[in-house]
Amino acid sequence: MGPELSVVIPVFNEEANLGLLYSRLKHTLDALQVSYEILFVDDGSRDASLAILRNLAAVDPCVRAIELARNFGHQVAISAGLDHARGKGVIVMDADLQDPPEVLPQFIAKWREGHDVVYAIREQRKENMFKRAAYAVFYRLLQRVANIEIPLDAGDFCIMDRRVVELLTSMPERNRFVRGIRSWVGLSQVGLAYERQARNAGRPKFTFTRLVRLALDGLVSFSYLPLRVITMLGLTVSFVSLVLALFYALKKLTVGLNPPGFATLIVAIFFLAGMQLITIGVIGEYVGRIFEEVKRRPLYVVRRTSDGQG
Ligand code: UDP
Ligand code: MG
């Protein structure tokens, strides 16, 4: 029999946070007086994190550690955690204490009221202005273009009912944008506002390019808008060329044609070549994802689990 709660925590080089995280989490969970497991997913850490996790798993029977064979990325680490979680309610949180364990009782209370997903809404971010602005733009864009409704400013921090977890783990797709597929499920979902803390120690693992990649994943896997945009673009350019053709024909018939300038030509060629490359790029984003999906490789490789399973 599984415990009442599972807490899934992806860990990548978090040696400086694990001790504090564990003690704060333990304190919060013990106060709830329910059975629980803390499931750390080591995403190929290269620092002492792994040793710390092994140690925690050895001394505390509530702790399980899943070691991935290399760094597979945050979203995949979460998926691995969900696959291994056994609780009736499954919590997903970051290891850097940006998601404070102390708010968990509120999440659990909401879940017990019968909601299938209770996700955190980041009220105030403690990140720099640029990053905040980028996030704000991204979430609003996604909201507008996605085929499903992905709530604004909702991160991965959440509690999900067993039912939802089972749906997520049965989804075959390799491109994991957890908060997207989580909303896709539907059922009863509510947001809970909390104050996103600053990272406790260490540096964020998400560089700018990785965030851009995550954003692209979100956009491409949940909307056809980029494809529609290029179709519209093609139509517009064709229309403009038709108007131009008419204009030059009329000009030839009336005032006579003087040869058009080199500059116009070169600009037109560059413009169209640019458009075509962008178009191929957009299609490529989708084709690449199709390629990724049809290969049907496993999502991740587990090197070892603390309980010797999986
Ligand atoms: N993480 C991971 N694999 C990665 C990158 C990050 O498991 O390749 C974990 C990391 O240890 C942390 C969480 O994902 O628990 C969020 O990472 P981070 O704090 O760097 O992201 P941010 O808060 O900037 O979104
Ligand atoms: Mg963080």
**Asked** Here is a list of conditions, (1) at pLDDT 90 or above; (2) of a type outside the set (A, V, I, L, M, F, W, C); (3) within 21 Å of Arg304 (Cα to Cα); (4) within 16 Å of ligand 2 (Cβ to nearest atom), and Arg64 meets all of them except one; can you say which number that is?
**Response** (4)
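Residue-by-condition table, conditions (1) open to solvent by 50 Å² or more (accessible area, probe 1.4 Å); (2) in a loop (DSSP other than H, G, I, E, B); (3) over 22 Å from Asp83 (Cα atoms); (4) not acidic (Asp, Glu):
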residue	(1), (2), (3), (4)
Gly155	no, no, no, yes
Arg174	yes, yes, no, yes
Leu214	no, no, no, yes
Leu233	yes, no, yes, yes
**Prompt:** In the range 100-123, which residues are part of a helix (DSSP H, G or I) and not polar (S, T, N, Q)?
**Reply:** Pro101, Glu102, Val103, Leu104, Pro105, Phe107, Ile108, Ala109, Lys110, Trp111, Arg112
**Prompt:** Given the structure, is Asn17 within 16 Å of ligand 2 (Cβ to nearest atom) and open to solvent by less than 10 Å² (accessible area, probe 1.4 Å)?
**Reply:** yes
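Closer than 30 Å to Arg297 by Cβ and modelled with pLDDT of 90 or more: does that describe Leu5?
Against the criterion (closer than 30 Å to Arg297 by Cβ and modelled with pLDDT of 90 or more), Leu5 does not qualify.
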**Request:** From (1) within 21 Å of the chain's Cα centre (by Cα); (2) more than 30 Å from Pro101 (Cα to Cα); (3) without any contact (Cβ under 8 Å) to a residue 12 or more places away in the chain; (4) open to solvent by 70 Å² or more (accessible area, probe 1.4 Å), pick out the condition that doesn't hold for Leu265.
**Result:** (1)
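In the range 78-132, what count of residues is obtained for those that are of a type in the set (Ser, Thr, Tyr) and either within 16 Å of ligand 2 (Cβ to nearest atom) or modelled with pLDDT of 90 or more (or both)?
Of the residues in that region, 1 qualify.
Could you list all residues from the range 54-94 that are outside any helix (DSSP H, G or I) and open to solvent by 20 Å² or more (accessible area, probe 1.4 Å)?
Hits for the range 54-94 are Pro61, Cys62, Ala69, Arg70, Asn71, Phe72, Arg86, Lys88, Asp94.
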**Message:** Being modelled with pLDDT under 70 and either more than 20 Å from Arg228 (Cβ to Cβ) or surrounded by fewer than 16 Cβ atoms within 10 Å (Cβ to Cβ) (or both) is the filter here; which residues of the range 133-150 pass it?
**Reply:** Asn147, Ile148, Glu149
**Message:** Can you tell me how many residues within the range 270-310 are surrounded by 14 or more Cβ atoms within 10 Å (Cβ to Cβ) and among the aliphatic types (A, V, I, L, M)?
**Reply:** 5
**Request:** May I ask you to verify whether Val63 is away from ligand 1 (no atom under 16 Å from the Cβ) and farther than 17 Å from Gly202 by Cβ?
**Result:** no
**Item:** Residue list for the range 184-214, filter: more than 16 Å from ligand 2 (Cβ to nearest atom) and either touching a residue at least 60 places away in the same chain (Cβ under 8 Å) or touching a Ser or Thr at 6+ places or on another chain (Cβ under 8 Å) (or both)
**Value:** Val185, Leu187, Ser188, Gln189, Val190, Gly191, Leu192, Ala193
**Prompt:** Can you tell me how many residues in the range 268-310 are touching a residue at least 60 places away in the same chain (Cβ under 8 Å) and of a type in the set (Val, Ile, Thr)?
**Reply:** 3
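The values are calculated or read from the model by the stated rules, or taken from the named source; none is laboratory data. Keep in mind that what you see is a predicted model, and the values were worked out from it rather than measured. So basically every Cβ, Gly included, is an ideal-geometry build from the backbone, and we count neighbours across all protein chains shown. Side chains included, ligands, DNA and RNA excluded: accessible areas come from the protein's heavy atoms. Shrake-Rupley method; radii C 1.70, N 1.55, O 1.52, S 1.80 Å.
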